[in-house]
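The block underneath contains the structure these notes are about, expressed in C-alpha cells.
The values are calculated or read from the model by the stated rules, or taken from the named source; none is laboratory data. This one's a predicted model, so the numbers in the text were calculated from it and none came from an experiment. Glycine also receives a Cβ, built like all others from the backbone with ideal geometry; neighbour counts cover every protein chain displayed.
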Amino acid sequence: MTVEEILARLVAFPSVVGTPNEAIVNWVRAYCQAAGAEVAIIPGPEGDRFNVFVTIGRREARGYILSGHMDVVSASEPEWIGDPFVLRRHGDRLHGRGATDMKGFLACALAALPQLAPMNLRQPIHLAFSYDEEAGCRGVHHLIAALPKLCEKPLGAIIGEPSQLQPVQAHKGKASVRLEVIGRSGHSSRPDLGLNAVHAMASVIAQAVAYGQSLADGPFDLNFTPPYSSLQVGVINGGQAVNVIPGRCSAEIEIRAVPGVCPQTLLEPVKDRLFALRNSGFEVAWQELSAYPALAPLEGSALTAVLVELTGNKPMAAVSYGTEAGLYQQAGVDAIICGPGDISRAHRPDEYIEIGELAACQTMIEDLGARLAA
C-alpha cells in the first residue's frame, strides 16, 4: 500500500479523542503483522481504548521509537467541504481530519514498514501509537510504563507531531483542572438564605487571573513566545436563572509552564484559594483533567544530531504546543519532535497534508532504517 492509501484507511476511522478505538487498533495490528513486525497491544483502564507497540528488528538491542497518537479532535465544524473522515485529494493536498495531526506521520511509519523488514536491522525501530493524546496525553502513560517489558531502553523517541520535518527540542508543560463550588440555592430576593456559588467562584477566578498575570514576571525561557508560564480560565458554568441563587458553579483552568517549572505546582495557589471557601460554608472539588511535563532541551543531544542528519533541517529551539515528548523524557528516554505537516493546519476544517510532506517523512524513516542496518 502507498502512504496515501494507508492515510486514507486511517482517516476513515473516526477515532475521536475519548471514544473507543478498537477498530483502528485492529487494522494497525493486522497491517504490521502482515509486514513481519512484532505487535503488542497495551490496554488502558477505560477498557475500550488501546495503545499499539510495534517492533521491527532485533528486540534485544537498543533502537528508536517513532511515536504518534491515533486519536483526533472532533470534526463538527460546519465549514468542512466534504466528509472529514473521507480523505480527499485536491492537487498536492490531502484533506481529512487527522491528515496533519497526526495520522500523516502514522501513515509514513506504516508505509515504511515493508521497506524496513528486509533490512535485517541491527537495532530496532519501534512504533508507539497511543490513544487520547488530545485529552492531555492520557493513553501514552500506560504504554511508557510497559516499555521495560517491551524493549531495551530506547536510544531516543521521535514524536512525529507536525513540525515541517524540523527537529524541535523543547515545548512547555501543561496542566488543566476543573474546579467546582457547591453553595445553597434559593430565591434571589433572599440572598441571606443562600450561598451564591457563582459569587464564590468569581473570587477564586479573580485571584487566579491576577496570579496568572504575575507569572509574566518570570522565570523566563526566551526560546518561547511568551517567554514565561501562563494561566487561562477557559470555561465557566453556573446558574440557571437570574432570579435564582446559583447553587453550583464550575470552571476549567489551564496552566502552561516553561521547562524547569512543574505545571501542577504552579496551580497550588489557585487550589488553596478554592479550598479556603470551605471556611464560608461552601463545598468544593478539584479535579485534574490532564497534565504533561515540558520537554527540556538537551545540550549536545545525539538524538538531535541524528535528526538533523536525516532531515537536512536545522533544529528549532521550541514550539508553543505540547506533545508526549515530555513524558518520554521524564521516563528517561531522550525525545525530540519531528514530523510532517504544519501545526497551523491542525484542529481546523479541511485540515490537510501535502503529498510531498508525506514522501519526505517516509524517506526520513527509511533512511533511519538504513542507518540502523549498516
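Summary of computed values
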read-out	value
Extreme residue, surrounded by the fewest Cβ atoms within 10 Å (Cβ to Cβ), among residues of segment 186-203 that are polar (S, T, N, Q) and out of contact with any helix residue (DSSP H, G or I) (no Cβ under 8 Å at 6 or more places or on another chain)	189
Selection status of residue 300, assigned to a loop (DSSP other than H, G, I, E, B), surrounded by fewer than 17 Cβ atoms within 10 Å (Cβ to Cβ) and either among the hydrophobic types (A, V, I, L, M, F, W, C) or without any contact (Cβ under 8 Å) to a residue 40 or more places away in the chain (or both)	yes
Condition broken by residue 206, with the remaining ones in (1) surrounded by 13 or more Cβ atoms within 10 Å (Cβ to Cβ); (2) out of contact with any Pro (no Cβ under 8 Å at 6 or more places or on another chain); (3) closer than 19 Å to residue 284 by Cα satisfied	(1)
Given (1) part of a strand (DSSP E or B); (2) within 18 Å of residue 361 (Cα to Cα), number of the condition residue 101 does not satisfy	(1)
Residue 8 being part of a helix (DSSP H, G or I), at pLDDT 95 or above and of a type in the set (Gly, Ala, Ser)	yes
Count - residues of segment 240-261 that are outside any strand (DSSP E or B) and surrounded by fewer than 16 Cβ atoms within 10 Å (Cβ to Cβ)	5
Failed criterion for residue 256 (all others in (1) in contact (Cβ under 8 Å) with a residue 24 or more places away in the chain; (2) of a type in the set (D, E, K, R); (3) farther than 30 Å from residue 338 by Cα hold)	(3)
Within segment 210-236, considering residues that are among the polar types (S, T, N, Q) and in a loop (DSSP other than H, G, I, E, B), the one nearest to residue 254 (Cα to Cα)	229
Flag for residue 322 being assigned by TED's automatic domain parsing to the domain that holds residue 129, at pLDDT below 95, in a loop (DSSP other than H, G, I, E, B) and within 17 Å of residue 137 (Cβ to Cβ)	yes
Which numbered condition residue 289 fails, given (1) surrounded by 14 or more Cβ atoms within 10 Å (Cβ to Cβ); (2) part of a helix (DSSP H, G or I)	(2)
Residues of segment 14-34 classified as surrounded by fewer than 21 Cβ atoms within 10 Å (Cβ to Cβ) and either at pLDDT below 95 or within 23 Å of the chain's Cα centre (by Cα) (or both), total	11
Residue under evaluation residue 178, criteria (1) part of a strand (DSSP E or B); (2) in contact with a helix residue (DSSP H, G or I) (Cβ under 9 Å, 6 or more places away or on another chain), criterion not met	(2)
Yes/no for residue 288 being touching a strand residue (DSSP E or B) at 6+ places or on another chain (Cβ under 9 Å), within 30 Å of residue 217 (Cβ to Cβ) and not assigned by TED's automatic domain parsing to the domain that holds residue 91	yes
When residues of segment 212-239 are limited to those that are within 23 Å of residue 283 (Cα to Cα) and either of a type in the set (A, V, I, L, M, F, W, C) or in contact with a Pro (Cβ under 7 Å, 6 or more places away or on another chain) (or both), the one surrounded by the most Cβ atoms within 10 Å (Cβ to Cβ)	238
Test: residue 189 is in the same structural domain as residue 71 (by TED's automatic domain parsing) and polar (S, T, N, Q)	no
Selection from segment 328-356 of residues that are crowded, with 24+ Cβ neighbours inside 10 Å and at negative phi	328, 335, 336, 337, 338, 339, 340, 351, 353
Pick from segment 115-140, criterion assigned to a loop (DSSP other than H, G, I, E, B) and touching a Ser or Thr at 6+ places or on another chain (Cβ under 6 Å), ranking: farthest from residue 103 (Cα to Cα)	124
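Listed here are the residues, each with its yes/no results for (1) surrounded by 21 or more Cβ atoms within 10 Å (Cβ to Cβ); (2) in contact with a Pro (Cβ under 7 Å, 6 or more places away or on another chain); (3) of a type in the set (Val, Ile, Thr).
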position: 139; (1), (2), (3): yes, no, no
position: 142; (1), (2), (3): no, no, no
position: 148; (1), (2), (3): no, no, no
position: 152; (1), (2), (3): no, no, no
position: 159; (1), (2), (3): yes, no, yes
position: 163; (1), (2), (3): yes, no, no
position: 171; (1), (2), (3): yes, no, no
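Yes/no matrix, rows are residues, columns are (1) in contact (Cβ under 8 Å) with a residue 60 or more places away in the chain; (2) under 18 Å from residue 155 (Cβ atoms); (3) acidic (Asp, Glu); (4) part of a helix (DSSP H, G or I):
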position: 272; (1), (2), (3), (4): no, no, yes, yes
position: 277; (1), (2), (3), (4): yes, no, no, yes
position: 285; (1), (2), (3), (4): yes, no, no, no
position: 332; (1), (2), (3), (4): yes, yes, no, no
position: 340; (1), (2), (3), (4): yes, no, no, no
position: 353; (1), (2), (3), (4): yes, no, no, no
position: 358; (1), (2), (3), (4): yes, no, no, yes
position: 369; (1), (2), (3), (4): yes, yes, no, yes
position: 372; (1), (2), (3), (4): yes, yes, no, yes
